[in-house]
Amino acid sequence: MVENSVNNTAAPQPIPSRQGLILIACGFALAISMQIPLLLMLLPKQGAFPSLESLPVWLANLAPSAADQPWTPLSIAMLSSFFITLLFARQVVQPIEQLTEITRALTGQRYSLTPSRFKTPAVGALSKACNELLESLKQQQTEHENLAYVDPMTGLHNRAFFVKEIDRILQDDFHELVVVVWDIDRFKSLNNVLGFAAGDYLLRALGIRFNASMKGARVLARLSSNTFIAAFSNEALQAPEHYAEMVISAMAEPVRIYGQPLDLSATCGIACAPMDGSSAADLMRRAEIAQSIARHSRLRWLAFKNHFEIQSTSRLTMLSELRAALQCRGQLQLYLQPKLNMSTGTIEQAEALVRWQHPQRGLIYPGEFIPFAEQTGRIHEITLWAIEEALLLIQSVAEIKDTRISVNVSALDLHQPDFADKVIALLHNSKVDPSLLCLEITESNAMEDPDRVLETLNRLHEHRIYLAIDDFGAGYSSLAYMKRFPVDELKIDRTLVSGARRNTDSETILRCTIELGHHMGMLVTAEGVETLEEYGVLQHLAVDHIQGFLVSKAIPLEQYKLFCHAFNKRQLQAAGALFSMAPIDPVVVVGH
């Protein structure tokens, strides 16, 4: 807590102000005037002196002898005036001066003064009122500082306190400091599905849990909605990931909401002082850079490296370059990944994936610029460009004339009120059969504001546009909404397909997912198929389509045309070989 204090114990007495000096002079004049009757009685008048019998006893004792000079009574009068003036200064002037100093301190928001105590009734009442005001302002300052440094939702410290405290620690103690930033994964989806009240309860519950499980943290704070941060003194020279694992372990136990257990996970970014920075701002920024890269790379945690910042800085220049790429034809390209129909053994569909052929950087994959495009709002232009380009291919390329092409749609696109109208306008201008255009919506995107997504999907479905749920099984699913979505196809995420073997739990999960899709009236596609063993499991489970490196990776248009021609020429032979599950070379299968 920062205090503006006045040291009253060692401070010299204040020099009276101009007003104080005037008051003292007035008091001295008053004291002298009070002595005038005494002077008149004691001083001789023209050689005649009043009879001693006519004076009071105490005045008679003070009466001068004939030999005395008149200065004695005058001295007595002056001394009496001095003591009266001193008493006046102590009882009136000094309290007023001190109360004036208190008033000035309160005006300057200095609330740590020592309360004043005066016995004089009038001044004492004023002093008591000032002291009560001082105590009230001290309490208000404490409350304001708590509001300034404490997060009201979780009871943890906030960003302002973290910055202040870490900067103080770095100045006082130069030992190694580990800063960990983490996000609650898919918190926005949970908030939308369960409601804001449940989201607030979850944050409070996690705040209590973090505070209890991270006693060794020098500072623990909540930065924003679902972002937390902690700093640890690494005196034991532990590996930085030790502290990230501490955070992940704290979230291992499910949180019960409405009586139901909810599994949670976190993505962490790590920065270390003094290696990664010597201030709170630098450490926070670099830990957040590492956390952002970890999230996009689907890692649980990642420690900051120097080249991360170079990458982060270079991404800032992508905004103007991406705008130029959208305006300059040829930089953005559609690569096509074939989808194999398991019943016919033919290529009837393809997924369009955007690639950026940068003039200086070379080929840039979507994972590098799509998240950046979403953050800057350029994703809408990219999506509409991809849809328009896919319609143009269907319309003008003979090998793709009857092929359904899928285009990925961002959650931000689905939340645009006019997105459906723009897609319908592009279809109308192209004269392409709407059923040949497929829009793929990521499962987690569909769960963000599902009511608005449902409205957009219904509008698209009314115009016979084919719709698919992508990456199913990789996030939190709400079957209550899923059954309401007008979806034609379910695409199983590659994490459920990878390493699938017969008579294992992976086969059981795949069987349930495929049967779920079929019972809901949807075709089912398995993504990420790379081995014949995975293919054999999917064939046994009667999946409708497969997609992955076993068939082909995403390839440019010219290679796709050659691929389709070679594959279709050997369609029956390749399909027969696949269905017999003979030990064959995958290259022969896909017709490379």
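Between residue 148 and residue 507, what is the spin-label point distance in nm, taking each point 7 Å from the Cα along the Cα→C-beta axis?
6.7 nm
How big, in percent, is the set of alpha carbon pairs in the stretch 165-294 lying more than 26 Å apart?
In whole percent, the share of Cα-Cα pairs in the stretch 165-294 beyond 26 Å is 23.
Could you work out how far apart the two model spin labels at residue 398 and residue 171 are, taking each label as a point 7 Å from the Cα in the direction of the beta carbon, and quote it in nm?
7.7 nm
Send over the semi-axes of the stretch 363-473's equivalent ellipsoid, whole angstrom and largest first, taken as the square roots of 5 times the C-alpha gyration tensor eigenvalues.
In descending order the semi-axes read 22, 18, 13 Å.
Calculate log10 I(q)/I(0) of the stretch 496-540 for q = 0.14, 0.15, 0.30 Å⁻¹, where I(q) comes from the Debye formula with a single equal point scatterer on each Cα and nothing for solvent.
These q points yield log10 I(q)/I(0) values of -0.29, -0.33, -1.14.
So for the stretch 285-409, averaging the separation of alpha carbon pairs under 8 Å that are six or more residues apart and normalising by length, what relative contact order in percent results? Intermediate values should be presented prior to the final figure.
Details: 134 pairs, mean separation 24.4, N = 125.
After rounding, I find 20 percent.
Kirkwood-based Rg over Rh for the stretch 315-428 (C-alpha set), two decimals?
That ratio is 0.99, to two decimals.
Quick one: accessible surface of residue 209, probe radius 1.4 Å, all protein chains present, in square angstrom to the nearest 10.
Near enough 50 Å² of accessible area.
For the stretch 209-281, state which chymotrypsin sites (Phe, Trp or Tyr not before Pro) are in a DSSP loop and have at most 10 other beta carbons lying within 10 Å of their beta carbon.
Counting only loop positions with at most 10 other Cβ atoms within 10 Å, the chymotrypsin sites (Phe, Trp or Tyr not before Pro) in the stretch 209-281 are 258.
Considering only protein heavy atoms, what is the solvent-accessible area of residue 276 at a probe of 1.4 Å, reported in Å² to the nearest 10?
The value for residue 276 is about 10 Å².
Please work out how much accessible surface residue 415 shows to a 1.4 Å probe, ignoring ligands, DNA and RNA, in Å² rounded to 10.
40 Å²
Taking 2.2 N^0.38 Å as the expected size of a compact globular protein, what ratio does the Cα radius of gyration of the stretch 233-374 give against it, to two decimals?
1.45
How big is the Kirkwood radius of the stretch 397-552, worked out from every pair of different alpha carbons and given in Å to one decimal?
For the stretch 397-552, the Kirkwood estimate is 16.4 Å.
The stretch 477-551: percent of C-alpha pairs farther apart than 19 Å?
Result for the distance tail: 29 percent.
The values are calculated or read from the model by the stated rules, or taken from the named source; none is laboratory data. Quick caveat: nothing in here was measured; it's all calculated off a predicted structure. Neighbour counts run over all protein chains shown; Cβ positions are idealised from the backbone, glycine included. These area figures cover heavy atoms from the full protein model, side chains too; ligands, DNA and RNA do not enter into them. Shrake-Rupley method; radii C 1.70, N 1.55, O 1.52, S 1.80 Å.
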